[in-house]
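Novice: Below are the structure tokens for one structure; questions will follow.
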Amino acid sequence: MEKDLAKRWQEEWQKSPKRNLCVCYDVPKEEVMKAIEAGADTFEKVSAKTYACQGAGCCERLIYRLLEFHQAHQKEQASSDADEQTLPVDKA
Ligand code: FES
């Protein structure tokens, strides 16, 4: 399940990134995703940084979903980095 969510982050980059995620404020999905990658890890931070979802709030759920995908993606990367660090060293 967690892996599926992590994969979704990459998939979202492929699916119409230039299309507006927030139609009220003309904010493309890629702008939201870049803000998340740059450290906006809460809905409030994403909204403050991109101006997304400062209107009727209709895109709130989409932003939370992207945050969830990114969090899963980061967890997966951290665990694969940890796996690499624990590989036995070849002493031959
Ligand atoms: S689509 Fe973002 S506030 Fe309406």
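Novice: Which ³J(HN,Hα) values, rounded to whole Hz and listed in residue order, are derived for region 34-46 from phi using the Karplus coefficients 6.51, -1.76 and 1.60 in 6.51 cos²θ - 1.76 cosθ + 1.60 with θ = phi - 60°, glycine and proline given as x?
Specialist: Each residue of region 34-46 in turn: 5, 4, 5, 5, 7, x, 6, 9, 9, 4, 4, 5, 4 Hz.
Novice: So who's got an amide H within less than 5 Å of the one on Val27, skipping anything under 5 residues away but keeping other chains? H placed 1.01 Å off N, in plane.
Specialist: Leu21, Cys22
Novice: Fully extended, how many nm does the chain gain between Lys15 and Phe43 (0.36 nm per residue separation, minus their Cα-Cα distance)?
Specialist: Contour length minus the Cα-Cα distance gives 8.0 nm.
Novice: Enumerate the whole-percent occupancy of each 10 Å bin, from 0 to the last occupied one, for all C-alpha pair distances of region 2-79.
Specialist: For region 2-79, the binned pair fractions read 21, 55, 22, 2 percent.
Novice: With the contact rule set at Cα under 8 Å and sequence spacing of 6 or more, what percent relative contact order holds for the chain?
Specialist: The normalised contact order for the chain reaches 33 percent.
Novice: A follow-up question, please. Between Ala82 and Arg65, what is the spin-label point distance in nm, taking each point 7 Å from the Cα along the Cα→C-beta axis?
Specialist: Once both label points are built, they end up 2.9 nm from each other.
Novice: Which residues in region 32-60 have a backbone N closer than 18 Å to a point placed 7 Å from the Cα of Gln74 along the Cα-to-Cβ line?
Specialist: 32-50
Novice: Hey, can you rank 50-56, 74-80, 35-41, 13-19 by average C-beta count inside 10 Å, highest first?
Specialist: 50-56, 35-41, 74-80, 13-19
Novice: If each of Cys58 and Lys7 carries a label point 7 Å out from its Cα toward its Cβ, how far apart are those two points in nm?
Specialist: Here the modelled spin labels are 3.2 nm apart.
Every read-out reported here was derived from the displayed coordinates using simple, explicitly stated rules and does not represent laboratory data. Keep in mind the model is a prediction, meaning the values are calculated, not measured. Note: ideal-geometry Cβ built from the backbone for every residue, glycine included; neighbour counts use all protein chains shown.
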